[in-house]
Amino acid sequence: MSIWVILKCLGSLALLMYGMKSMSESLQKMAGPQLRHVLGAMTTNRFTGVLTGTFVTAAVQSSTATTLMTVSFVNAGLLTLMQAISVIMGAHIGTTVTAWIMALGFSLEITNYVFPAFFLGIILIYMKKRRIIGDFLFGAAFLFLGLGTLKATGFEMAGDPETSAIINSFFSKFSSPTLWNSFLFLLMGTVLTLIVQSSAAIMAITMILCATGLLHIDQGIMLVLGENIGTTITANIVALNANTQARRAALSHLIINVLGVTWALILFRPFVSMICQLVGFDQAIASSDPSYAASTAKTSIVLATFHSVFNIINTILLIWFIRYIERFVCWLIKPKTVVEDEDFRLHFISSGIMKTPELSVLEAQKEIQSFAERMQRMFGMVRELLTEKDEEKFNKLFSRIEKYEGISDNMEIEIAKYLDQVSDAHLSDETKGKIRSMLREISELESIGDACYNMSRTINRKVQGKKDHFTDKQYEHLHQMMELTNNALTQMNVLMGGRKESFDVNRSFNIENEINNYRNQLKTQNILDVNNHEYTYAVGTIYMDLIAECEKLADYVVNVVEARMGTRQKGI
C-alpha cells in the first residue's frame, strides 16, 4: 500500500474533522446566546427537555457541545439533574443529523459543488458583517471536500489488490458472529472515538469501509454502537473538576448509552434485519452479483438509519426511567462533605477539552459571579471585625480577611488569563464585547477586595494602637454606612446572578448617590465633633478613613454594574 494513499486518507479525514469543527463553531456563534436561553428555559419537563436537546444539537451540529453546555449549566445550578438528563437524551437524537450529512456526502457526488461554496465563503468573510456565515460555508465545504476525498481514497484502496487483501485478511479474522468479535468492534469504536475525540470522524471511516465492501455491515454497526459510548467519555473527563451534580449529569450520559447498547446487542440480529429491510439493503448479496455495487452504496444510509432509529428508540424507552437514572447516579456519586475552604480554587473554569468560545464565556461569567459573591462575604467579615471584642476571634477573623484578599488577587489573574486564552479564538463581535466587559468586572471586583482589606487594616491599627473607642454615635453612623454599602453589593450580585434585561440599574445608582451624600454629611459632622472635643482627632481620622473606604468601595460596585450593563452613569 502506497504511503501517499495513507497520507491522503489521513489528510482527508483531518479536512473532514476541521470542516465539522468550523461549521459547528460558526453555528454556535450565530445562535449561541439564544441557544443558551432556550436550553435554560425550555426544560420544564422531561419531554420539552428532550425536544430542547434535540433542537440545540441539530442546530449546532455537535452533541459534545450540547452535553458540555448542559454539564456546565448543572455545575452553575441553572439546570436540575433531571432536566439535564432529558436534554442529554435529546442530544443523542440531534446528533444523528450529523450521520445523515455524512450519508449525503457519500451518496451524492457533491465534491464539485464545494468550490463555489469556497468562493462565496471567502467573499462573505471579507464582508465583516457576514463573516460568520462565510466561516460556516467554508466549514461545510471543507466537510464535504473531506468526505469526497475520503470516499475516493477508500475506493482507491479497495481497488488495489494488495491493499484490499491486507484489510480483508484483518477483518476476516473477526467476521464470525461470535460474542467476542462483536465486543471487539464495540470496544474498537469506543476507543477510536475517545482517541480522535470526534464520533463524526469515526462514523465517516465506518461508512467508507462499509461502502467499499472492506467491512461487513454488522461490524460497521458494532463500530457505530461503540462510537455512541466513546462520545460520552468526553463529558465525563470535563466533569472531573466540576461539582457533584455536574459529575452526575456526565455519568448519566454514559449510563444512557450503555443501557441502549445493551438492549441493542440483545436484539441485534432482528434489529439490524429490520433496518436493512427498511432501507432495502440485502445483507446476503454476493460480491459476484451484478447488483452488489448498487447495494453496497446503500450502506451509508443503513448506518445513518440505524444510528437514528437506535437513539430514538433508546430515548423513548428510557424517558420513563429518568427519575431512576437520577437516583442511581446520585447513589454512585456521593456529595463531598466540604468544610468551608479558604484556599483559592476556581469553581466553574476548568482546563477541560473541546471547549467552544460561547461555552467558555458562560463558564467565565459564572466564575465572576462567584467572585462577586465572595467579595460580599469578605465585606461581611469586615463588618464583624468592627464590633469583635474577643482578641483571639478578632485575630482569626483578620487572618481570614487577609487570606480573602490574596484569593481575590489570584482570582483576577486566573480569570483574566482564561479570558485571554478564549480571546485567541475566532470570536463574534458580541463575544469580544463580553470579554472586554468581564475583564473590567474582575478588575473592579479585585479593587473591592482591596477596599475591604484596607478597612480591616484600619480597624486592626486602631485595636493594636489601643486608641480611644468610637462613640456610640460613630458606631451607629459606621453601621448605617456599611449597611448602605452592603445593599450596593447585594444589588450588584442580583445583577451578576440574573439577566441584565430585568435589572433596574437606577437602584444601584441611587444607593451610590445616597452613600456619597451620607459621606459628605458625616465629613462635615466629624469636623464639628472634633472641634467640640467629643472624641480625639486620631479617632476621627480612623473613623473617616472607614467612611471614605466604604464610599470608594461603592464606586467600584457601580463600575462593576456599569461594565455588566454596558452603560455609564451620567456625570461619572
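The GluC sites (Glu not before Pro) of the stretch 509-564 that meet both conditions, a loop assignment by DSSP and at most 15 other Cβ atoms within 10 Å of the site Cβ, are GLU534.
Each Lys or Arg adds one and each Asp or Glu subtracts one; over the other residues with Cβ under 14 Å from the Cβ of TYR324, this totals +3. Phi-derived couplings, Karplus 6.51 cos²θ - 1.76 cosθ + 1.60 at θ = phi - 60°, listed residue by residue for the stretch 371-376: 4, 5, 5, 5, 5, 5 Hz, with x used for Gly and Pro. Note on ASN513/ARG377: beta-carbon distance plugged into 1/(1 + (r/R0)^6) with R0 of 30 Å gives a FRET efficiency of 0.70.
When the surface is traced with a 1.4 Å probe over the full set of protein chains, LEU7 keeps roughly 90 Å² accessible. With both labels modelled 7 Å from their Cα along Cα-to-Cβ, the VAL279 to ALA538 distance reads 8.9 nm.
The stretch between VAL494 and ILE237 holds 89.3 nm of extra length on full extension. This uses 0.36 nm per residue minus the Cα-Cα distance.
Applying both filters, DSSP loop and at most 14 other Cβ atoms within 10 Å, to the trypsin sites (Lys or Arg not before Pro) of the stretch 370-407 gives LYS389. Phi-derived couplings, Karplus 6.51 cos²θ - 1.76 cosθ + 1.60 at θ = phi - 60°, listed residue by residue for the stretch 117-131: 5, 4, 5, 5, x, 5, 5, 5, 5, 6, 8, 3, 5, 10, 4 Hz, with x used for Gly and Pro.
Under the simplified labelling scheme, the GLN480-VAL196 pair shows an inter-label distance of 7.1 nm, with each label point 7 Å from Cα along Cα→Cβ. For the stretch 436-501, the set of trypsin sites (Lys or Arg not before Pro) satisfying both a DSSP loop assignment and a count of at most 10 other C-beta atoms within 10 Å is given as LYS466, ARG499. Under the simplified labelling scheme, the LYS403-LYS417 pair shows an inter-label distance of 2.2 nm, with each label point 7 Å from Cα along Cα→Cβ.
The values are calculated or read from the model by the stated rules, or taken from the named source; none is laboratory data. This one's a predicted model, so the numbers in the text were calculated from it and none came from an experiment. Every residue, glycine among them, receives a Cβ derived from its backbone with ideal geometry; neighbour counts consider all protein chains shown. SASA here: full protein model, heavy atoms, side chains in, ligands and nucleic acids out. Shrake-Rupley method; radii C 1.70, N 1.55, O 1.52, S 1.80 Å.
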